[in-house]
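K.L.:
Here's a structure for you.
The values are calculated or read from the model by the stated rules, or taken from the named source; none is laboratory data. This structure is a prediction, so every number in the text was calculated from the model and none was measured. Heads up, the Cβs are rebuilt from the backbone with ideal geometry, glycines too, and the neighbour counts pull from every protein chain shown.
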Amino acid sequence: MGTATGALRADEVREAIADVRDPELDESLVKLGFVAGVDVTEEDVTIRLLVPTYFCAANFTWLMAEDLRRAAARVAGGRRVKVLLGDHFVDEEISEGVNAGARFQEAFSGLADDELDELRVHFWRKAMTARQWQVAEALRARGWSLEALGGARLGDAPPSIATSRLQELRALLGVSTAPDSPLFVRPDGRPIPVDELEIRLEFARLTSVSLETNGEYCRGLFAVRYEGGAK
């Protein structure tokens, strides 16, 4: 990288990484408390990452570290960006691999069978399914019937955090974000017929509940592990 240019504060880096999410939970790592520290010097940006357990899945954790590094690099101004994972059974391997710009299989040669692109898409699709149910509930609260939901368009979704995230996920998955595009779609982007909508929304509800339950579980584990705050 080139020489660092301009002043940069730690809070600016935190803002840049604020939307980096736990891939399984679809929640901000900063809000979850997993970002334990951000340090900025004239040469480096260092982000300290902690996770709820010592044996959190290496592939999930790699995605977190990699996404943090990419997001911070956008504002680093030529500084070297390092993500330091701590208290994890392969923290050195993940930190060194991500900071070197290596692929997952390169860092875990002989142990990893696949790269993580498909896993990332799987989590995006799961999160999109959950957000669809949240948007459906918001429309139902406004009096929309199931039949009306069957003809809903993306532009009908009321402004909310769920709607904004749904739009982001559709863009990531290559699903249309045009206001007149069908609101409720399968994970591959195909519209859901009205005669399938009820059962698919029930599946979406269960998916949303699963994400919320896993989120509460992880927050609890993290709080117990780092009682009083990450050290």
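K.L.:
Which residue, of LEU50, LEU8, is touching an Asp or Glu at 6+ places or on another chain (Cβ under 8 Å) and in contact (Cβ under 8 Å) with a residue 40 or more places away in the chain?
P.N.:
When all the criteria are applied, what remains is LEU50.
K.L.:
Same structure, new question: Just give me the residues in the stretch 192-231 being in a helix (DSSP H, G or I) and more than 22 Å from HIS122 (Cβ to Cβ), in sequence order. Spell out the reasoning first.
P.N.:
Within the stretch 192-231, the subset in a helix (DSSP H, G or I) is 194-225.
Within the stretch 192-231, VAL194, ASP195, LEU197, GLU198, ARG219, GLY220, LEU221, PHE222, ALA223, VAL224, ARG225 qualify.
K.L.:
What number of residues in the stretch 10-42 are among the polar types (S, T, N, Q) and within 21 Å of LEU119 (Cα to Cα)?
P.N.:
Of the residues in the stretch 10-42, 1 are among the polar types (S, T, N, Q) and within 21 Å of LEU119 (Cα to Cα).
K.L.:
Within the bounds of the stretch 60-69, is there any residue that is crowded, with 16+ Cβ neighbours inside 10 Å, touching a Ser or Thr at 6+ places or on another chain (Cβ under 8 Å) and within 23 Å of GLU168 (Cβ to Cβ)? Reasoning before the result, please.
P.N.:
Within the stretch 60-69, the subset crowded, with 16+ Cβ neighbours inside 10 Å is 60-69.
Keeping just the survivors that are touching a Ser or Thr at 6+ places or on another chain (Cβ under 8 Å) gives 65.
Applying the additional criterion that residues be within 23 Å of GLU168 (Cβ to Cβ) yields 65.
There is at least one residue in the stretch 60-69 that is crowded, with 16+ Cβ neighbours inside 10 Å, touching a Ser or Thr at 6+ places or on another chain (Cβ under 8 Å) and within 23 Å of GLU168 (Cβ to Cβ).
K.L.:
Taking the stretch 109-167 as the region of interest, how many residues are without any contact (Cβ under 8 Å) to a residue 24 or more places away in the chain, under 27 Å from ASP19 (Cα atoms) and of a type in the set (Ser, Thr, Tyr)?
P.N.:
1
K.L.:
Follow-up. Among the residues of the stretch 83-106, how many are surrounded by 18 or more Cβ atoms within 10 Å (Cβ to Cβ) and either among the basic types (Lys, Arg) or in contact (Cβ under 8 Å) with a residue 60 or more places away in the chain (or both)?
P.N.:
0
K.L.:
Which is touching an Asp or Glu at 6+ places or on another chain (Cβ under 6 Å), at pLDDT 95 or above and aromatic (Phe, Trp, Tyr), of PHE55, PHE60, PHE89? Steps first, answer last, please.
P.N.:
Details: PHE55 fails: touching an Asp or Glu at 6+ places or on another chain (Cβ under 6 Å); PHE89 fails: touching an Asp or Glu at 6+ places or on another chain (Cβ under 6 Å).
Only one candidate passes the filter, namely PHE60.
K.L.:
Name the single residue that is farthest from GLU27 (Cα to Cα) among those in the stretch 201-221 being aliphatic (A, V, I, L, M) and surrounded by fewer than 14 Cβ atoms within 10 Å (Cβ to Cβ). Let's see the steps before the verdict.
P.N.:
First pass over the stretch 201-221, keeping only residues aliphatic (A, V, I, L, M): 201, 204, 206, 209, 211, 221.
Subsequent filtering for residues that are surrounded by fewer than 14 Cβ atoms within 10 Å (Cβ to Cβ) retains 206, 209.
Details: LEU206: 17, VAL209: 14 Å.
Looking at residues that are aliphatic (A, V, I, L, M) and surrounded by fewer than 14 Cβ atoms within 10 Å (Cβ to Cβ), I get LEU206.
K.L.:
Residue by residue through the stretch 161-183, note down the ones that are touching a helix residue (DSSP H, G or I) at 6+ places or on another chain (Cβ under 6 Å) and not β-branched (Val, Ile, Thr).
P.N.:
Once the filter is applied, which keeps residues that are touching a helix residue (DSSP H, G or I) at 6+ places or on another chain (Cβ under 6 Å) and not β-branched (Val, Ile, Thr), the stretch 161-183 yields ALA162, ARG165, LEU166, LEU169, LEU172, LEU173, PRO179, SER181, LEU183.
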